Amino acid sequence: MNIIHSAVKRVVKKSLIVALGCAAMLSTTAHASEKVYRLKLAETWGPNFPIFGDATKNMAAMAEKMSNGRLKIRIDSANKHKAPLGIFDMVKSGQYDMGHSGSYYWKGKVPNTLYFTSMPFGMTPAEQYAWFYHGGGMDLMEQVYAPHNLLSFPGGNSDIQMGGWFQKEINTVDDLKGLKMRIPGFAGEILAEVGAKPTNIAPGELYTSLERNTIDALEWVGPSLDLRMGFHKIAPYYYTGWHEPGSELQFLVNKRTFERLPEDLQEILRVAMRTAAYDMYTQATHASGKNWSTIQETYPDIKVKDFPPAVLKALRDANDRLLAQHAEKDEQAKAIQQSQADYLKQVRSWTNISHRAYLNSQAQ
């Protein structure tokens, strides 16, 4: 009987040890799963900047909620970090874990980054989103950013942008010669090709630059954001767009930071960025429609113009020449251009028979 009792005691003791070990393991696992990851994001925009700034706030809030508080993202606006056009370097170096800006701002550092915002005479937002997620655009973007320890994700579309605010009317190509204009990206190169003097200026300096005649014209976004900037008070001509038919912002992520996150938090961050980007697109469309009505009703003296056909032809010809030059010098640029051109040719045939046909039918 004592033998049986001793055996039972040994079994109970062993089971207790195993149970305690399992409990300790579960406790450790639970503790690890509750670890809070804190990231810092720097944005090009000022504090509480509408639409663009809403995208970062929405993304951070979604990431925190979906992760049950395990992923927290602090947002520093341009007034905090003092480098609105320094996002690329700050995220690359690890000073910040994430950034929100526009890919074409970095063309001076990495020329092929400009293809991932919007290209003149290129894709609409719907077409470009399809290219990113289903036509190979994300893979090409990853190839461009990978050497810089960066990941780039679509960060919100402003919809087609207006051609800009001008202090004088543009009737011929000669009117563009010597014109000092704030316009970033490939469009700036095109305008330089036809004799203009493009420059890039941070958002917070645009109004003052135009008011003081440091520049003669500028493009910003469209009614969604232009109205609050007050450009209509100092530039009477508002031209329709050609240069940014689907302007996509970006979320930049330090690659090492991303890889240190658990897999579930990586996926949560991806979903939060993608959802916030789409939400920004719908918000921008809503705001443009609302503000365009205000412009028509409240500021009837604003002269809304299309660029003359001869000017658009000169811009398109310059676009074609410059693209060819970039492709000739850079195999990666050539591959991106070919991907975009092939996809545009395919998807635009559908856009024409669907959206364009519908809009034409409503105009009759």
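The values are calculated or read from the model by the stated rules, or taken from the named source; none is laboratory data. Please read all numbers here as calculations on a predicted model, not as lab measurements. In this analysis, Cβ positions are derived from the backbone assuming ideal geometry, glycine residues included, and neighbour counts consider all displayed protein chains.
Scanning the range 174-183 finds one or more residues that are touching a Leu at 6+ places or on another chain (Cβ under 7 Å) and in a loop (DSSP other than H, G, I, E, B). Residues in the range 243-266 that are surrounded by 23 or more Cβ atoms within 10 Å (Cβ to Cβ) and over 13 Å from LEU39 (Cβ atoms): 6 in all. Filter the range 322-336 down to the residues that are among the polar types (S, T, N, Q) and out of contact with any helix residue (DSSP H, G or I) (no Cβ under 6 Å at 6 or more places or on another chain) and list them by number. Answer for the range 322-336, where residues must be among the polar types (S, T, N, Q) and out of contact with any helix residue (DSSP H, G or I) (no Cβ under 6 Å at 6 or more places or on another chain): just GLN325.
Of all residues in the range 274-281, none satisfies being surrounded by fewer than 19 Cβ atoms within 10 Å (Cβ to Cβ), among the acidic types (Asp, Glu) and free of Cβ contacts under 8 Å to residues at least 12 places away in the same chain.
Determine whether ILE234 is touching a residue at least 60 places away in the same chain (Cβ under 8 Å) and either closer than 21 Å to LEU176 by Cβ or of a type outside the set (Val, Ile, Thr) (or both). In short, yes. Close Cβ contacts (under 6 Å, 6 or more residues apart or on different chains) running from residues in the range 146-159 that are in contact (Cβ under 8 Å) with a residue 24 or more places away in the chain to residues that are crowded, with 23+ Cβ neighbours inside 10 Å and of a type in the set (Gly, Ala, Ser) comprise PRO154/ALA277; GLY155/ALA277; GLY156/ALA55; GLY156/ALA277; SER158/SER247; SER158/ALA284; ASP159/ALA284.
For TYR299, the conditions (1) surrounded by 13 or more Cβ atoms within 10 Å (Cβ to Cβ); (2) modelled with pLDDT of 95 or more are fulfilled apart from (2). Kindly establish whether GLU267 is in contact with a strand residue (DSSP E or B) (Cβ under 6 Å, 6 or more places away or on another chain) and within 27 Å of GLN128 (Cβ to Cβ). Taking the combined requirement at face value, the residue does not satisfy it.
Looking for something closer than 28 Å to ILE183 by Cα and in a helix (DSSP H, G or I) - is there at least one such residue anywhere in the range 253-265?
no
Among the residues here, MET141 does not qualify as at negative phi and in a loop (DSSP other than H, G, I, E, B).
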